[in-house]
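The values are calculated or read from the model by the stated rules, or taken from the named source; none is laboratory data. Predicted, not measured: the structure shown is a model, and the values here were computed from it. Using ideal geometry, Cβ is built from the backbone for each residue, glycine included, and neighbour counts are taken over all protein chains shown. Please note that ligands, DNA and RNA were not included when accessible areas were found on the heavy atoms of the full protein model with its side chains. Shrake-Rupley method; radii C 1.70, N 1.55, O 1.52, S 1.80 Å.
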Amino acid sequence: MNLLDGKVCAQFYKDQIKAEAEQLTAHRGRKPHLAVILVGENPASQSYVRSKVRNCALVGFESTLIEYPASISETELLSKIQEINLNEAIDGLLVQLPLPKHINEFKVLESIDHRKDVDGFHPINAGRMNLGLPSLLPATPYGILLLLSYYKIETAGKHCVVIGRSNIVGNPMSRLLSRNTNPGNCTVTQCHSKTQNIRDICQSADILIAAIGKAEFVDDSFIKQGAVIIDVGINRIDDASLAKGYKLVGDVHFHKASPKASYITPVPGGVGLMTIVGLLKNTLAAAKKEIYS
Ligand SMILES: NC(=O)c1ccc[n+]([C@@H]2O[C@H](COP(=O)([O-])OP(=O)(O)OC[C@H]3O[C@@H](n4cnc5c(N)ncnc54)[C@H](OP(=O)(O)O)[C@@H]3O)[C@@H](O)[C@H]2O)c1
(Lines give C-alpha, C1' and ligand atoms only; values in the text may rest on other atoms or scores of the structure.)
Protein backbone atom coordinates (compact mmCIF):
# COMPACT_ATOMS: atom_id res chain seq x y z
CA MET A 1 0.00 0.00 0.00
CA ASN A 2 1.24 3.48 -0.89
CA LEU A 3 -0.01 6.60 0.80
CA LEU A 4 -1.35 9.41 -1.38
CA ASP A 5 0.14 12.02 0.91
CA GLY A 6 -1.82 15.26 0.68
CA LYS A 7 0.79 17.13 2.69
CA VAL A 8 3.71 16.36 0.39
CA CYS A 9 1.64 16.84 -2.75
CA ALA A 10 0.02 20.09 -1.56
CA GLN A 11 3.44 21.52 -0.71
CA PHE A 12 4.68 20.73 -4.23
CA TYR A 13 1.80 22.67 -5.81
CA LYS A 14 1.94 25.49 -3.26
CA ASP A 15 5.61 26.09 -4.10
CA GLN A 16 4.61 26.46 -7.77
CA ILE A 17 1.68 28.73 -6.92
CA LYS A 18 3.89 30.92 -4.73
CA ALA A 19 6.45 31.35 -7.50
CA GLU A 20 3.73 32.27 -10.02
CA ALA A 21 2.09 34.64 -7.53
CA GLU A 22 5.41 36.44 -7.02
CA GLN A 23 5.78 36.93 -10.77
CA LEU A 24 2.24 38.21 -11.12
CA THR A 25 2.64 40.55 -8.16
CA ALA A 26 5.86 41.96 -9.61
CA HIS A 27 4.19 42.39 -13.00
CA ARG A 28 0.94 44.08 -11.99
CA GLY A 29 1.92 45.61 -8.65
CA ARG A 30 -0.54 43.80 -6.40
CA LYS A 31 -0.96 40.32 -4.96
CA PRO A 32 -3.68 37.89 -5.98
CA HIS A 33 -6.53 38.71 -3.59
CA LEU A 34 -9.16 36.31 -2.24
CA ALA A 35 -12.23 37.45 -0.29
CA VAL A 36 -13.95 34.91 1.95
CA ILE A 37 -17.40 35.42 3.45
CA LEU A 38 -18.28 33.42 6.57
CA VAL A 39 -21.82 33.50 7.92
CA GLY A 40 -22.51 32.18 11.42
CA GLU A 41 -20.36 30.24 13.84
CA ASN A 42 -20.25 26.67 12.54
CA PRO A 43 -16.98 25.34 14.06
CA ALA A 44 -16.07 23.25 11.00
CA SER A 45 -16.65 26.24 8.68
CA GLN A 46 -14.60 28.49 10.97
CA SER A 47 -11.75 26.02 10.84
CA TYR A 48 -11.91 25.67 7.01
CA VAL A 49 -11.94 29.43 6.60
CA ARG A 50 -8.99 29.93 8.93
CA SER A 51 -7.06 27.38 6.91
CA LYS A 52 -7.92 29.12 3.62
CA VAL A 53 -6.77 32.50 4.96
CA ARG A 54 -3.57 31.00 6.39
CA ASN A 55 -2.75 29.28 3.11
CA CYS A 56 -3.29 32.48 1.13
CA ALA A 57 -0.57 34.12 3.21
CA LEU A 58 1.73 31.12 2.71
CA VAL A 59 1.64 31.46 -1.08
CA GLY A 60 1.85 35.25 -1.16
CA PHE A 61 -1.83 36.08 -1.70
CA GLU A 62 -3.75 38.79 0.08
CA SER A 63 -6.99 37.70 1.71
CA THR A 64 -9.95 39.47 3.26
CA LEU A 65 -12.23 37.64 5.67
CA ILE A 66 -15.71 39.08 6.06
CA GLU A 67 -17.69 37.60 8.95
CA TYR A 68 -21.41 37.97 9.56
CA PRO A 69 -23.70 36.66 12.29
CA ALA A 70 -26.10 33.87 11.28
CA SER A 71 -28.93 36.43 11.48
CA ILE A 72 -27.71 38.43 8.46
CA SER A 73 -30.45 38.90 5.86
CA GLU A 74 -30.16 37.47 2.36
CA THR A 75 -30.45 40.99 0.93
CA GLU A 76 -27.53 42.26 2.99
CA LEU A 77 -25.38 39.29 1.98
CA LEU A 78 -26.24 39.71 -1.71
CA SER A 79 -25.39 43.39 -1.54
CA LYS A 80 -21.95 42.63 -0.06
CA ILE A 81 -21.32 40.09 -2.84
CA GLN A 82 -22.29 42.69 -5.43
CA GLU A 83 -19.84 45.16 -3.86
CA ILE A 84 -17.02 42.59 -4.07
CA ASN A 85 -17.97 41.66 -7.63
CA LEU A 86 -17.37 45.30 -8.60
CA ASN A 87 -14.17 45.70 -6.58
CA GLU A 88 -11.31 45.41 -9.06
CA ALA A 89 -8.78 44.90 -6.26
CA ILE A 90 -10.36 41.52 -5.41
CA ASP A 91 -9.73 38.59 -7.78
CA GLY A 92 -11.63 35.75 -6.13
CA LEU A 93 -14.63 35.38 -3.82
CA LEU A 94 -16.06 32.44 -1.97
CA VAL A 95 -18.96 32.17 0.42
CA GLN A 96 -18.34 29.37 2.92
CA LEU A 97 -21.13 26.77 2.91
CA PRO A 98 -23.43 25.76 4.49
CA LEU A 99 -25.47 28.95 4.91
CA PRO A 100 -28.27 29.43 7.47
CA LYS A 101 -31.63 28.03 6.35
CA HIS A 102 -33.24 31.45 5.71
CA ILE A 103 -30.69 32.20 2.97
CA ASN A 104 -31.12 30.69 -0.50
CA GLU A 105 -27.76 29.06 -1.18
CA PHE A 106 -28.25 28.78 -4.92
CA LYS A 107 -29.22 32.46 -5.20
CA VAL A 108 -26.06 33.41 -3.32
CA LEU A 109 -23.77 31.25 -5.46
CA GLU A 110 -25.38 32.55 -8.65
CA SER A 111 -24.87 36.16 -7.53
CA ILE A 112 -21.07 35.76 -7.45
CA ASP A 113 -19.35 37.06 -10.59
CA HIS A 114 -18.45 33.78 -12.36
CA ARG A 115 -15.00 35.20 -13.16
CA LYS A 116 -14.33 35.47 -9.40
CA ASP A 117 -16.09 32.20 -8.49
CA VAL A 118 -13.04 30.35 -7.10
CA ASP A 119 -15.20 27.56 -5.63
CA GLY A 120 -16.40 26.78 -9.16
CA PHE A 121 -20.05 26.45 -8.07
CA HIS A 122 -21.58 29.14 -10.30
CA PRO A 123 -23.87 27.68 -13.00
CA ILE A 124 -21.64 29.18 -15.72
CA ASN A 125 -18.59 27.37 -14.35
CA ALA A 126 -20.55 24.17 -13.68
CA GLY A 127 -22.07 24.34 -17.18
CA ARG A 128 -18.74 24.99 -18.89
CA MET A 129 -17.12 22.16 -16.93
CA ASN A 130 -19.89 19.80 -18.05
CA LEU A 131 -19.37 20.89 -21.66
CA GLY A 132 -15.63 20.28 -21.36
CA LEU A 133 -14.83 24.01 -21.73
CA PRO A 134 -12.22 25.84 -19.63
CA SER A 135 -13.72 26.92 -16.31
CA LEU A 136 -12.96 27.46 -12.65
CA LEU A 137 -13.31 23.92 -11.25
CA PRO A 138 -14.87 22.89 -7.93
CA ALA A 139 -11.92 22.86 -5.55
CA THR A 140 -12.21 19.34 -4.13
CA PRO A 141 -12.46 17.40 -7.42
CA TYR A 142 -9.79 19.73 -8.85
CA GLY A 143 -7.50 18.90 -5.92
CA ILE A 144 -8.11 15.17 -6.48
CA LEU A 145 -7.13 15.50 -10.16
CA LEU A 146 -3.92 17.24 -9.07
CA LEU A 147 -3.24 14.46 -6.54
CA LEU A 148 -3.72 11.76 -9.22
CA SER A 149 -1.39 13.68 -11.56
CA TYR A 150 1.28 14.16 -8.92
CA TYR A 151 1.37 10.44 -8.12
CA LYS A 152 1.14 9.54 -11.84
CA ILE A 153 -1.90 7.32 -11.26
CA GLU A 154 -3.03 5.86 -14.58
CA THR A 155 -6.71 6.67 -15.10
CA ALA A 156 -7.33 6.07 -18.82
CA GLY A 157 -9.58 3.07 -19.38
CA LYS A 158 -9.96 2.41 -15.66
CA HIS A 159 -13.28 1.76 -13.97
CA CYS A 160 -13.85 4.53 -11.47
CA VAL A 161 -16.68 4.30 -8.95
CA VAL A 162 -17.71 7.57 -7.31
CA ILE A 163 -19.99 7.30 -4.26
CA GLY A 164 -21.94 10.54 -3.89
CA ARG A 165 -23.77 12.91 -6.22
CA SER A 166 -23.42 16.30 -4.58
CA ASN A 167 -22.73 19.31 -6.76
CA ILE A 168 -19.66 20.01 -4.64
CA VAL A 169 -17.91 16.64 -4.99
CA GLY A 170 -19.66 13.61 -6.49
CA ASN A 171 -21.16 15.11 -9.64
CA PRO A 172 -18.18 17.19 -10.80
CA MET A 173 -15.77 14.37 -9.88
CA SER A 174 -17.68 11.89 -12.03
CA ARG A 175 -17.83 14.31 -14.93
CA LEU A 176 -14.16 15.31 -14.74
CA LEU A 177 -12.90 11.74 -14.66
CA SER A 178 -14.97 10.75 -17.69
CA ARG A 179 -13.65 13.66 -19.79
CA ASN A 180 -11.21 13.01 -22.60
CA THR A 181 -8.28 14.48 -20.67
CA ASN A 182 -5.48 13.32 -18.43
CA PRO A 183 -6.36 12.52 -15.66
CA GLY A 184 -9.64 11.30 -17.10
CA ASN A 185 -10.82 8.85 -19.73
CA CYS A 186 -12.23 6.66 -16.96
CA THR A 187 -15.39 4.62 -17.28
CA VAL A 188 -17.32 6.10 -14.38
CA THR A 189 -20.09 4.54 -12.31
CA GLN A 190 -21.77 6.91 -9.88
CA CYS A 191 -23.52 5.60 -6.76
CA HIS A 192 -25.81 7.27 -4.23
CA SER A 193 -28.09 6.35 -1.34
CA LYS A 194 -30.60 4.56 -3.60
CA THR A 195 -27.99 2.44 -5.40
CA GLN A 196 -28.56 -1.29 -5.04
CA ASN A 197 -25.68 -3.73 -4.61
CA ILE A 198 -23.28 -0.89 -3.91
CA ARG A 199 -20.70 -3.23 -2.42
CA ASP A 200 -20.62 -5.36 -5.62
CA ILE A 201 -20.26 -2.25 -7.78
CA CYS A 202 -17.41 -0.93 -5.65
CA GLN A 203 -15.65 -4.30 -5.81
CA SER A 204 -15.20 -3.78 -9.55
CA ALA A 205 -13.59 -0.35 -9.13
CA ASP A 206 -9.99 0.26 -10.14
CA ILE A 207 -10.38 3.70 -8.58
CA LEU A 208 -12.88 4.22 -5.75
CA ILE A 209 -13.81 7.71 -4.64
CA ALA A 210 -15.95 8.00 -1.50
CA ALA A 211 -17.79 11.30 -0.91
CA ILE A 212 -20.64 10.21 1.32
CA GLY A 213 -20.37 11.87 4.73
CA LYS A 214 -20.71 8.59 6.67
CA ALA A 215 -17.84 7.64 8.96
CA GLU A 216 -15.89 4.57 7.78
CA PHE A 217 -18.75 3.39 5.53
CA VAL A 218 -16.36 1.72 3.06
CA ASP A 219 -14.45 -1.23 4.49
CA ASP A 220 -12.30 -3.95 2.93
CA SER A 221 -15.35 -5.84 1.66
CA PHE A 222 -15.96 -3.00 -0.86
CA ILE A 223 -12.45 -3.06 -2.27
CA LYS A 224 -10.82 -4.92 -5.15
CA GLN A 225 -7.23 -5.97 -4.49
CA GLY A 226 -4.93 -3.24 -5.80
CA ALA A 227 -7.57 -0.50 -6.13
CA VAL A 228 -6.77 3.21 -5.72
CA ILE A 229 -8.85 4.65 -2.86
CA ILE A 230 -9.65 8.35 -2.57
CA ASP A 231 -11.42 9.24 0.67
CA VAL A 232 -13.16 12.62 0.52
CA GLY A 233 -15.15 12.26 3.74
CA ILE A 234 -14.45 14.35 6.82
CA ASN A 235 -16.46 13.09 9.79
CA ARG A 236 -16.12 14.17 13.41
CA ILE A 237 -16.32 11.31 15.89
CA ASP A 238 -16.62 12.10 19.61
CA ASP A 239 -13.54 10.98 21.51
CA ALA A 240 -13.32 12.18 25.11
CA SER A 241 -9.73 10.92 25.38
CA LEU A 242 -8.55 13.66 22.99
CA ALA A 243 -7.98 17.27 24.06
CA LYS A 244 -10.36 18.64 21.41
CA GLY A 245 -12.98 16.00 22.26
CA TYR A 246 -13.26 14.50 18.78
CA LYS A 247 -11.26 12.88 16.01
CA LEU A 248 -11.62 13.13 12.25
CA VAL A 249 -12.23 10.03 10.17
CA GLY A 250 -13.03 9.55 6.52
CA ASP A 251 -15.78 7.69 4.69
CA VAL A 252 -13.33 4.80 4.31
CA HIS A 253 -12.20 2.55 7.16
CA PHE A 254 -8.51 3.25 6.64
CA HIS A 255 -7.07 0.32 8.61
CA LYS A 256 -9.38 -2.26 7.05
CA ALA A 257 -9.14 -0.86 3.52
CA SER A 258 -5.45 -0.03 3.24
CA PRO A 259 -4.05 -3.61 3.06
CA LYS A 260 -6.06 -4.17 -0.16
CA ALA A 261 -5.35 -0.77 -1.73
CA SER A 262 -2.46 0.02 -4.06
CA TYR A 263 -2.79 3.70 -3.11
CA ILE A 264 -4.97 5.36 -0.48
CA THR A 265 -5.51 8.86 0.93
CA PRO A 266 -5.42 9.31 4.72
CA VAL A 267 -7.92 11.42 6.68
CA PRO A 268 -6.78 13.91 7.79
CA GLY A 269 -3.80 14.64 5.55
CA GLY A 270 -5.26 13.67 2.18
CA VAL A 271 -8.00 15.26 0.06
CA GLY A 272 -8.68 18.13 2.48
CA LEU A 273 -5.22 19.58 1.90
CA MET A 274 -5.66 19.22 -1.85
CA THR A 275 -8.97 21.10 -1.75
CA ILE A 276 -7.02 24.11 -0.52
CA VAL A 277 -4.64 23.71 -3.46
CA GLY A 278 -7.61 23.65 -5.86
CA LEU A 279 -8.85 26.88 -4.32
CA LEU A 280 -5.42 28.56 -4.53
CA LYS A 281 -5.00 27.47 -8.17
CA ASN A 282 -8.44 28.90 -9.02
CA THR A 283 -7.61 32.17 -7.25
CA LEU A 284 -4.36 32.47 -9.19
CA ALA A 285 -6.16 31.66 -12.46
CA ALA A 286 -8.79 34.31 -11.68
CA ALA A 287 -6.07 36.86 -10.86
CA LYS A 288 -4.25 36.07 -14.10
CA LYS A 289 -7.53 36.14 -16.02
CA GLU A 290 -6.49 32.80 -17.47
CA ILE A 291 -10.01 31.58 -18.17
CA TYR A 292 -12.09 34.74 -18.51
CA SER A 293 -10.40 37.90 -19.73
N1 LIG B 1 -11.94 16.75 1.97
C2 LIG B 1 -12.56 17.86 1.56
O3 LIG B 1 -11.96 18.85 1.22
C4 LIG B 1 -14.04 17.85 1.47
C5 LIG B 1 -14.72 18.75 0.66
C6 LIG B 1 -16.11 18.64 0.57
C7 LIG B 1 -16.76 17.67 1.29
N8 LIG B 1 -16.06 16.83 2.12
C9 LIG B 1 -16.69 15.76 2.87
O10 LIG B 1 -17.09 14.77 1.93
C11 LIG B 1 -18.29 14.13 2.35
C12 LIG B 1 -19.34 14.31 1.28
O13 LIG B 1 -19.59 15.68 1.09
P14 LIG B 1 -20.77 16.20 0.16
O15 LIG B 1 -20.83 17.68 0.30
O16 LIG B 1 -20.63 15.60 -1.19
O17 LIG B 1 -22.02 15.54 0.95
P18 LIG B 1 -23.57 15.45 0.60
O19 LIG B 1 -24.01 16.64 -0.17
O20 LIG B 1 -24.24 15.13 1.89
O21 LIG B 1 -23.66 14.19 -0.37
C22 LIG B 1 -23.46 12.90 0.11
C23 LIG B 1 -23.74 11.92 -0.99
O24 LIG B 1 -23.56 10.62 -0.45
C25 LIG B 1 -24.68 9.82 -0.79
N26 LIG B 1 -24.95 8.84 0.24
C27 LIG B 1 -25.37 9.06 1.51
N28 LIG B 1 -25.53 7.90 2.17
C29 LIG B 1 -25.22 6.93 1.29
C30 LIG B 1 -25.22 5.50 1.37
N31 LIG B 1 -25.57 4.87 2.48
N32 LIG B 1 -24.85 4.82 0.26
C33 LIG B 1 -24.48 5.46 -0.87
N34 LIG B 1 -24.48 6.80 -1.00
C35 LIG B 1 -24.85 7.51 0.08
C36 LIG B 1 -25.85 10.76 -0.92
O37 LIG B 1 -26.82 10.19 -1.76
P38 LIG B 1 -28.24 10.92 -2.09
O39 LIG B 1 -27.89 11.94 -3.14
O40 LIG B 1 -29.08 9.82 -2.60
O41 LIG B 1 -28.70 11.53 -0.82
C42 LIG B 1 -25.17 11.99 -1.52
O43 LIG B 1 -25.17 11.95 -2.93
C44 LIG B 1 -18.61 14.79 3.70
O45 LIG B 1 -18.02 14.02 4.72
C46 LIG B 1 -17.92 16.14 3.63
O47 LIG B 1 -17.59 16.64 4.91
C48 LIG B 1 -14.72 16.90 2.21
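General observations
- Residue that is farthest from Val249 (Cα to Cα) [pool: residues in the range 193-227 that are within 8 Å of the ligand (Cβ to nearest atom) and open to solvent by 40 Å² or more (accessible area, probe 1.4 Å)]: Lys194
- The set of residues in the range 242-290 that are at pLDDT 95 or above and among the small types (Gly, Ala, Ser) comprises Gly250, Ala257, Ser258, Ala261, Ser262, Gly269, Gly270, Gly272, Gly278, Ala285, Ala286, Ala287.
- Scanning the range 243-259 for residues that are farther than 24 Å from Ser193 by Cβ and open to solvent by 70 Å² or more (accessible area, probe 1.4 Å) returns Ala243, Lys244, Lys247, His255, Pro259.
- Screening Leu176, Leu148, Leu136 for residues that are buried (at least 21 other Cβ atoms within 10 Å of the Cβ), away from the ligand (no atom under 13 Å from the Cβ) and either under 22 Å from Pro98 (Cβ atoms) or of a type in the set (S, T, N, Q) (or both) leaves exactly one candidate, Leu136.
- Cβ pairs under 9 Å, 6+ apart, first in the range 158-169 and without any contact (Cβ under 8 Å) to a residue 40 or more places away in the chain and open to solvent by 50 Å² or more (accessible area, probe 1.4 Å), second in a strand (DSSP E or B) and within 6 Å of the ligand (Cβ to nearest atom): Arg165/Cys191
- Enumeration of residues in the range 234-256 that are within 16 Å of the ligand (Cβ to nearest atom) and of a type in the set (A, V, I, L, M, F, W, C): Ile234, Ile237, Leu248, Val249, Val252, Phe254
- Test: residue in the range 260-277 that is more than 11 Å from the ligand (Cβ to nearest atom) and either without any contact (Cβ under 8 Å) to a residue 40 or more places away in the chain or surrounded by fewer than 17 Cβ atoms within 10 Å (Cβ to Cβ) (or both): yes
- Restricting the range 231-242 to residues that are surrounded by 10 or more Cβ atoms within 10 Å (Cβ to Cβ) and not hydrophobic (A, V, I, L, M, F, W, C), the residue that is nearest to Ile168 (Cα to Cα): Gly233
- Hey, Glu20 within 18 Å of Leu97 (Cβ to Cβ) and open to solvent by 40 Å² or more (accessible area, probe 1.4 Å) or not: no
This table checks each residue for (1) among the small types (Gly, Ala, Ser); (2) closer than 19 Å to Ala44 by Cβ; (3) touching a His at 6+ places or on another chain (Cβ under 7 Å).
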residue: Pro183; (1), (2), (3): no, no, no
residue: Val188; (1), (2), (3): no, no, no
residue: His192; (1), (2), (3): no, no, no
residue: Ile212; (1), (2), (3): no, yes, no
residue: Glu216; (1), (2), (3): no, yes, yes
residue: Ser221; (1), (2), (3): yes, no, no
residue: Asn235; (1), (2), (3): no, yes, no
residue: Val249; (1), (2), (3): no, yes, no
residue: Lys260; (1), (2), (3): no, no, no
